[in-house]
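The values are calculated or read from the model by the stated rules, or taken from the named source; none is laboratory data. Owing to the predicted nature of the structure, the values given are computational and were not obtained by experimental measurement. Cβ sites come from the backbone with ideal geometry, for glycine too, and all protein chains shown count toward neighbours.
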Amino acid sequence: MDTIIFIGSNKSGTSREAIKAAEQMGLFTVLFTDRPKFIEQRKEFPDVHQMIHLEDLQNMESLKGELDLLKKQGKNIRGCLSLVDPFVYTATLLSSEMGLSHPPPSAIYKMEEKTRFRKALQGLDLNPFFIVIPLEEPAEKVAERLEHSLPLIVKSPQSNGSKDVILAESKRELEQGIQLLRKQFPGQAILIEEYLIGPQYLIEVLVWEGKVHIVGVIEQFISKKDRFIVTGYHYPASLSKTQHEKLKTVIEKVLATLDMTLGSCHLEMRWVNGEWKLVEINPRVSGGAMNQILFEGSGINLVQEIIKIHLGEEPDLTHGKLRHVFAQFITVAARGMLLRVTGKNRALSLEGVKEVYVKPRKGAILTPPYSLGDRYAYVIASGESYSEAKETAEMAAKEIKFFMEPL
C-alpha cells in the first residue's frame, strides 16, 4: 500500500490540505502528531488513515521505530514530509535515511533558523543589516551601541508566524525589546535587523531538479500595532516587468547560495528604493489560506505539487485562467471568551466569495493579535480585478461578528 508520512499538522490550513490532497491522490496517509487533542478528535480527521501520537516529534529514534512498524504492516512508504515548523528538518532527515526524495538537509537546516540564513547570505545586497546579540552583553549596552541605527527589528531567531518580532523606534524600546525576548527565551541568541520600509510580498517557490519556479507572488497588507500582523493578501501582486525580472534573479541567487536544489519554500521580501530586500525565508509553503488563495487565482494546487516532489515526480505548474484573489483576515480588539459567531452564511452568499473560515469554537479565549495565530477568521474572494476582489472580501468580512464575554 503506497503510503505517505506527515510529521505534524495543524487542524486547518496548508498542512491539513496537504493530507487531504494526498488522500485524493490515492495514497494511504499517516499523521504523526504531538497533540493529544487530535487523538480525542479523531473522527474529525477522516482524511488521515492512521494517526500516531508521539510526545516528541523530533525524537528520531521514536519516529524510526514507528516507521519500522509501519513497514512490517505492509506499508510501502513513498514519501515523508512536514509543512509545519519546526519539523521540516526532521522529516527531511527521515526521508534521507529511508532513501526517499527529499530537499537538501543542509539547505533546510539553514532556512529554519533566522541567524543561520542571515549568515549564509551575508555579503549579498538583498540581505539587510543585521547583528546577533551576544548573550552576555547587557541590553542597555546594546541599545547604546545601536542607537544610531534606529529604527530596528528585534526578533527571536526561531520564531514564526510574526511571533516575537518587535519594532524598536527608540533606544528605550530597543532595550525593552531585548529584555522581553531574553525573558521569554533564556539562553537563546537575539537577532536585530534593519527595519525595511516598502511594500511587502510573499513569494511561493518550488525547486525541481535545480530549476527555480516562482509559483506565485502575493502582496501582503500589514497591520502594525503591538506586532506585525498580515491582515490581507492579494494575488497576483501588481509588479512591473523590472520588479519581476529582478525578483527572479534575486530568488535564484538566494536559493543557489543556500544550495536549495529540490523542494518548496516561501520568501517574504520588501521592495526598497528600487531593490528587493529579504525579510524572511522559510523551508515550507506558507500556512493558513495560502494554498486556497493560489488555487482560486491560478488553478494550481500547490500542496499537491509539493507532494509530487516528495514522491520523486515532476510537479505540474500549468496555470489555468488567472483571477484576482483577495483574502481578508479578521482579528479582535479586546480579550474575551467567545460566546458565538454570526454572519458566516451572509458572507458566503455574496457573489465572488469563495470561502469563509472561522477558527475558534464557543468557549475559546480570544485576544488581540500578537501573532498570525491570533487571526480568528478569513474570507477569500475572487474577481476580474484587484479592486473587485478586495471590495468583496472586505464587505464579506464585515458580516462576521464575534460576540464575547470580556475578561
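A quick yes/no check of all residues on (1) of a type outside the set (S, T, N, Q); (2) within 16 Å of Arg118 (Cα to Cα):
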residue	(1), (2)
Pro236	yes, no
Lys248	yes, no
Leu262	yes, no
Met269	yes, yes
Ile281	yes, yes
Ala289	yes, no
Ile293	yes, no
Ser298	no, no
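Filtering region 356-386 to residues that are closer than 19 Å to Phe403 by Cβ and aliphatic (A, V, I, L, M) leaves Val356, Val358, Ala364, Ile365, Leu366, Ala377, Val379. Residues in region 376-403 that are among the hydrophobic types (A, V, I, L, M, F, W, C) and either touching a Cys at 6+ places or on another chain (Cβ under 8 Å) or surrounded by fewer than 20 Cβ atoms within 10 Å (Cβ to Cβ) (or both) were compared, and the one that is farthest from Arg335 (Cα to Cα) is Met395.
Per the listing Ile166, Ile197, the residue uniquely β-branched (Val, Ile, Thr) and either in a strand (DSSP E or B) or surrounded by 16 or more Cβ atoms within 10 Å (Cβ to Cβ) (or both) is Ile166.
Take Leu350 and tell me if it is over 12 Å from Phe329 (Cα atoms), of a type outside the set (Ser, Thr, Tyr) and not assigned by TED's automatic domain parsing to the domain that holds Asp164. Yes.
Suppose we filter Ile131, Ile214, Ile229 for residues that are crowded, with 19+ Cβ neighbours inside 10 Å and of a type in the set (A, V, I, L, M, F, W, C); which single one remains?
Step by step, each of Ile131, Ile214, Ile229 is checked, and only Ile229 is crowded, with 19+ Cβ neighbours inside 10 Å and of a type in the set (A, V, I, L, M, F, W, C).
For the residues His213, His234, the requirement of being under 30 Å from Val358 (Cβ atoms) and of a type outside the set (Val, Ile, Thr) singles out His234.
Pairing each residue of region 155-168 that is modelled with pLDDT under 85 with any residue that is polar (S, T, N, Q) and assigned to a loop (DSSP other than H, G, I, E, B), provided the two are 6+ apart or on different chains, yields C-beta distances under 7 Å for Gly161/Ser371; Ser162/Ser371; Lys163/Ser371; Asp164/Ser156.
Residues checked against (1) surrounded by fewer than 19 Cβ atoms within 10 Å (Cβ to Cβ); (2) of a type in the set (Ser, Thr, Tyr); (3) in contact with a Leu (Cβ under 6 Å, 6 or more places away or on another chain):
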position: Val254; (1), (2), (3): no, no, no
position: Asn273; (1), (2), (3): yes, no, no
position: Trp276; (1), (2), (3): no, no, yes
position: Arg284; (1), (2), (3): no, no, yes
position: Ala289; (1), (2), (3): no, no, no
position: Phe295; (1), (2), (3): no, no, no
position: Ile300; (1), (2), (3): no, no, yes
position: Val303; (1), (2), (3): no, no, no
position: Ile307; (1), (2), (3): no, no, no
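Here's a check for you: in region 263-309, which residue that is among the basic types (Lys, Arg) and farther than 18 Å from Thr14 by Cβ is farthest from the chain's Cα centre (by Cα)? Checking each candidate, the answer is Lys277.
Only one entry of Pro151, Pro138, Pro103 meets the criterion of being at pLDDT 95 or above and more than 18 Å from the chain's Cα centre (by Cα), and that entry is Pro151.
Restricting Gly352, Gly373, Gly312 to those that are surrounded by 12 or more Cβ atoms within 10 Å (Cβ to Cβ), more than 30 Å from Arg78 (Cα to Cα) and over 23 Å from the mean Cα position of the chain (by Cα) reduces the list to Gly352. Scan region 251-275 for residues that are in contact with a Lys or Arg (Cβ under 6 Å, 6 or more places away or on another chain) and of a type outside the set (A, V, I, L, M) and the total you get is 1. Could we say that Gly187 is outside the structural domain of Leu317 (by TED's automatic domain parsing), farther than 30 Å from Ala397 by Cβ and surrounded by fewer than 17 Cβ atoms within 10 Å (Cβ to Cβ) here? Against the criterion (outside the structural domain of Leu317 (by TED's automatic domain parsing), farther than 30 Å from Ala397 by Cβ and surrounded by fewer than 17 Cβ atoms within 10 Å (Cβ to Cβ)), Gly187 qualifies. Does region 274-283 contain at least one residue that is part of a helix (DSSP H, G or I) and in contact (Cβ under 8 Å) with a residue 40 or more places away in the chain? The answer is no; no qualifying residue exists.
Has region 379-389 got at least one residue that is under 28 Å from Gln41 (Cβ atoms) and either polar (S, T, N, Q) or assigned by TED's automatic domain parsing to the domain that holds Ile293 (or both)? Yes, the conditions are met somewhere in region 379-389.
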